[in-house]
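The values are calculated or read from the model by the stated rules, or taken from the named source; none is laboratory data. Because the structure is predicted, anything quoted here is derived from the model rather than measured. Cβ placement follows ideal geometry from the backbone for every residue including glycine, while neighbour counts extend to all protein chains displayed. Heavy atoms of the whole protein, side chains included, go into the accessibility calculation; ligands, DNA and RNA do not. Shrake-Rupley method; radii C 1.70, N 1.55, O 1.52, S 1.80 Å.
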Amino acid sequence: MTEYFWLIPFFPAVSSFLIIVFGRKLPRKYIAVQACLAVFLSFLLSFFSFLELRSAGHEAEALTKNLFSWIQSGNFNVDLSFRFDPLTAVMCLVVTFVGFLIHVYSTGYMSHDKSYARFFAYMNLFTFAMLILVMGSNLVVMFVGWEGVGLCSYLLIGFWYEKPSAANAGKKAFIVNRIGDAGFMLGIFFLVIHVGSAEFSAINHALEGGHIAQGLVTLIAILLFIGATGKSAQIPLYVWLPDAMEGPTPVSALIHAATMVTAGVYMIARMNLLYSLSHTAMTIVAVVGALTAVYAASMALVQNDIKRVLAYSTISQLGYMFLGLGVGAYSAAVFHLDTHAFFKGLLFLGAGSVMHALSGELNIQKMGGLRKYLPVTFPTFLVATLAIAGVPFLSGFFSKDAILTSACASGNYFVWALGLFGAILTAFYMFRLLFLTFFGKERLEPEAKAHLHESPKSMTIPLAILGFFALIAGYVGLPIVFGAHLNWFGRFQEPVIHAGHEVHLSLGTEWLLILASVAVAFTGIFVAYILYLKKPHIPHNLVARFPKLYKLLYNKYYMDEIYNATFVNSAIKGSEFVYDNFDLKVIDGAVNGSAASANFFGKILSYFHSGLIKDYALIFLLGAVALLAYLIF
Amino acid sequence: MTPISYYVILSVILFVLGIIGFFVKKDLITQFLSIEIMLNAANLAIIAFAKAAGSLDGQIIVFFVITVAAAEAAIGLAIILMIYRKKKTIKTEDIHLLKG
């Protein structure tokens with residue numbers, strides 16, 4: 001059945017179409033079952049295709065399917081074609097599996113929402129677009145998916161469009177992404193011009209043959225990376241992601257943690273040959289990633305909104321993935337992408353469960369002591385927190401360590417140091433979140449306390465399953481110290497990831513690096529434990545001691561204000577200027593002027609229209625005489 | 001045989017009389033008659049030239065013109081009658097529906 005792998009994206013597409021068309025008339029139960037089933041079928045098909053791919057081994061590098069020739073213009077052709085190679089396989093598995101669990105979770109979470117059908121239609125549409133993105137065998141098909149997920153992100157962030165903040169957040173996400181997409185499109189154009197095709201295989205072939213000049217490779221790599229910074233919320237285009245938390249929580253989990261925001265990472269991993277050829281572009285990717293990892297983590301330290309902490313954490317973790325990509329550890333970055341999808345998806349769903357229990361409360365200062373009330377949410381949240389903090393033997397530990405080890409091995413010590421520092425911050429803010437939410441004194445609003453309840457089964461079962469994977473997902477890619485051939489994940493990716501020159505460290509150094517990561521994780525946890533459980537007055541003292549620093553962090557470095565003052569306002573001012581001077585004066589002036597001049601000349605000519613037959617006859621006579629005179633003389 | 005110039009001069013006199021009649025008179029009927037006079041002045045000129053050229057073509061054309069003129073007169077009079085019924089006048093100064 002694996003020759004039908006190209007059907008993977010179409011189950012959610014059909015389901016989405018049916019719900020959009022008939023959604024109002026269908027019962028909620030049916031919608032829920034259909035939406036989940038569609039994603040589950042995609043998952044099954046992905047899984048069987050994956051098994052096929054694995055058993056085929058290295059001979060069959062990828063399954064491909066050319067549906068039809070889509071664009072033909074001169075000697076430029078684009079086919080609507082899909083490919084299924086190791087990289088696509090893991091992306092498909094993650095998208096459909098995590099997506100399926102989040103769909104199931106949503107059936108419980110959204111059960112009281114009036115736009116139930118619309119929600120599932122968008123979610124299925126998103127799954128479709130994301131699968132197109134990861135399965136496209138050329139950049140154009142990928143771009144279709146890329147824009148498709150952007151559209152669904154916009155629709156789902158603004159899902160509660162009656163709320164102005166949600167509508168604005170959706171708009172912001174859309175516009176910021178457009179800026180990145182401009183770079184992405186330029187990159188595609190350059191590749192198409194110089195390669196003559198957008199197919200990944202053709203691009204790689206041209207790159208291997210060295211047909212593209214070095215400067216051009218760097219330019220294309222940077223342009224594509226600009227697209228990735230938009231989609232994956234890196235400096236300087238990260239500002240939309242924290243605001244995107246206005247959407248329903250399952251949306252944050254699916255789109256803004258597990259799948260869509262990782263599209264940039266996927267894209268760079270897909271184009272790894274291009275990046276490997278440009279040292280400059282790699283350095284830029286690594287430095288931007290490392291800076292984002294630390295920068296976003298620092299903002300997560302002081303936020304009080306549970307979802308915003310997680311949003312900054314997502315930006316920070318995406319920064320790690322780019323750090324990994326930038327130092328050439330492509331498979332480690334994709335590995336972190338996968339483990340991150342599990343534990344961050346789980347964290348968001350756990351946060352949603354907490355909100356559900358507290359009637360929508362988001363402020364972690366008004367939580368505390370929830371662990372006895374939420375017997376399923378708490379342990380799963382704990383597992384995810386341990387995983388993201390990098391506690392040994394959980395999934396996040398292996399993937400983050402793989403990235404940091406590669407960073408050190410590649411000799412980018414600055415990037416590596418930033419990564420380690422970010423890891424301390426990560427452990428700290430995640431445990432701060434955990435302690436403030438589930439431990440310590442109860443600071444609940446009395447009203448919220450009255451309704452306090454654990455979430456229904458439809459929500460807790462996905463939590464438990466994701467928790468299980470957050471525990472074990474790391475074991476597919478063990479570091480080299482545990483044995484030379486245990487990094488199954490890395491070996492599986494080899495046909496796609498063209499590992500150029502991997503520097504191998506001695507086992508002793510590897511152990512040291514792992515110990516450093518462990519030490520860093522426990523330092524962060526310990527500091528959080530002291531500050532938020534043992535001596536909760538210290539944070540207040542610190543705030544009092546460093547009010548400026550606290551304010552700077554709390555207000556997110558005033559980045560939104562700076563962007564508003566510079567880009568947004570100047571864009572608005574410029575638009576207003578053009579509106580006043582060009583639109584109103586030139587365009588409207590030309591339109592009104594042509595009407596006015598027609599009116600003016602009409603008035604003059606209408607004097608000749610006296611309506612009196614003699615006047616007409618006289619003019620006719622004069623005309624005839626003039627004609628006669630002309631003919632005779 | 002009468003020289004052709006006589007016919008042409010008569011035709012011109014008739015034509016100018018028609019023009020003068022059209023511009024001097026104020027009621028539609030007389031103006032209409034003036035137009036008919038001009039038409040027949042033209043007919044006369046055509047026949048005269050046709051005779052001089054020894055061709056029958058001109059005479060055939062004039063037959064057609066007379067036939068058409070009959071139809072045109074019927075329609076013209078009908079229009080004048082309808083205008084009179086509507087406006088109770090056939091003075092051209094009073095009829096200026098098309099004034100711009």
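Quick look at the values:
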| item | result |
| --- | --- |
| For the range A:509-633, the spread of Cα positions along each principal axis, largest first, Å | 115, 41, 20 |
| Cα pair count fraction exceeding 44 Å, expressed as % - chain A | 25 percent |
| A:ALA417-A:GLU494 FRET efficiency (beta carbon distance; Förster radius 45 Å; 0.05 resolution) | 0.95 |
| Binned Cα-Cα distance frequencies in the range A:131-186 - 10 Å width, integer % | 25, 44, 24, 7 |
| The range A:22-42 versus the range A:548-617: alpha-carbon centroid distance in Å | 48 Å |
| Between the range A:459-494 and the range A:242-317, the alpha-carbon center distance in angstrom | 21 Å |
| Rounded if a/c under 1.5, otherwise prolate or oblate - the range A:593-633, Cα gyration tensor axes | oblate |
| A:LYS29 paired with A:LEU51, simple spin-label distance in nm, labels 7 Å along Cα-to-beta-carbon | 3.2 nm |
| With eigenvalues of the C-alpha gyration tensor scaled by 5 and rooted, the range A:397-502, Å | 38, 21, 10 |
| The protein assembly as shown - share of DSSP beta bridges that are antiparallel (%, nearest 5) | 100 percent |
| Proximal charge balance of A:TYR529 [Cβ under 14 Å; K/R count +1, D/E count -1] | +3 |
| The range B:4-87: radius of gyration and largest Cα-Cα distance (Dmax), Å | 15.0, 50 |
| CD proxy at 222 nm, helix term only [per DSSP H run n ≥ 4: -39500 (n - 2.57); per residue of chain B; nearest 500] | -28000 deg cm²/dmol |
| Per-residue SASA entry for A:LEU7, accessible area with 1.4 Å probe, Å² rounded to 10 | 60 Å² |
| Chain A: relative contact order as a whole-number percent, Cα under 8 Å and 6+ apart | 12 percent |
| From the C-alpha gyration tensor of the range A:421-558, square roots of 5λ in Å | 38, 25, 15 |
| When each of A:LYS163/A:LYS449; B:LYS26/B:LYS87; A:LYS307/A:LYS400; A:LYS231/A:LYS400; A:LYS372/A:LYS441; A:LYS344/A:LYS441 is checked by Cα-Cα distance, pairs over 19 Å | A:LYS163/A:LYS449; A:LYS307/A:LYS400; A:LYS231/A:LYS400; A:LYS344/A:LYS441 |
| Cα centroid of the range A:320-376 to Cα centroid of the range B:1-47, whole Å | 105 Å |
| Cα-projected label distance for A:GLN214 with A:ILE562, points at 7 Å along beta-carbon direction, nm | 3.3 nm |
| Rh (Kirkwood; distinct C-alpha pairs) - the range A:359-439, Å | 14.0 Å |
| Under the Karplus curve 6.51 cos²θ - 1.76 cosθ + 1.60, θ = phi - 60°, whole-Hz ³J(HN,Hα) for the range B:44-60, x wherever Gly or Pro sits | 4, 4, 4, 4, 4, 5, 4, 4, 5, 7, x, 10, 8, 4, x, 5, 5 |
| Buried area at the A-B interface (accessible, heavy atoms, 1.4 Å probe, summed, Å²) | 900 Å² |
| Approximate spin-label separation A:ILE71-A:ILE613, in nm, with each point projected 7 Å along Cα-to-Cβ | 6.8 nm |
| Accessible surface, per residue, of the range A:241-381 when the full set of protein chains is kept, probe 1.4 Å, Å² | 16 Å² |
| Over the range B:4-87, relative contact order from alpha-carbon pairs under 8 Å, at least 6 apart, % | 27 percent |
| Over the range A:43-200: Rg over Rh, Cα atoms, Kirkwood Rh | 1.03 |
| For the range A:594-611, 3J(HN,Hα) per residue [Karplus equation, 6.51 cos²θ - 1.76 cosθ + 1.60, θ = phi - 60°, Hz, x = Gly/Pro] | 5, 5, 5, 6, 4, 4, 4, 5, x, 4, 4, 5, 6, 4, 6, 8, 7, x |
| For the range A:185-235, average projected area of the Cα convex hull in nm² | 3.6 nm² |
| 37 °C / 0.692 mPa s Stokes-Einstein diffusion coefficient of the range A:496-571, Kirkwood radius on C-alpha pairs, µm²/s | 191 µm²/s |
| Amide H contacts of A:TRP70 (H built 1.01 Å from N, under 5 Å, at least 5 apart or other chain) | A:VAL78, A:ASP79, A:LEU80 |
| Net length gained if the chain between A:ALA624 and A:ARG545 were fully extended (0.36 nm per residue, minus Cα distance) | 18.2 nm |
| Helix-derived mean residue ellipticity, 222 nm - over chain A, DSSP H n ≥ 4, -39500 (n - 2.57), to 500 | -22500 deg cm²/dmol |
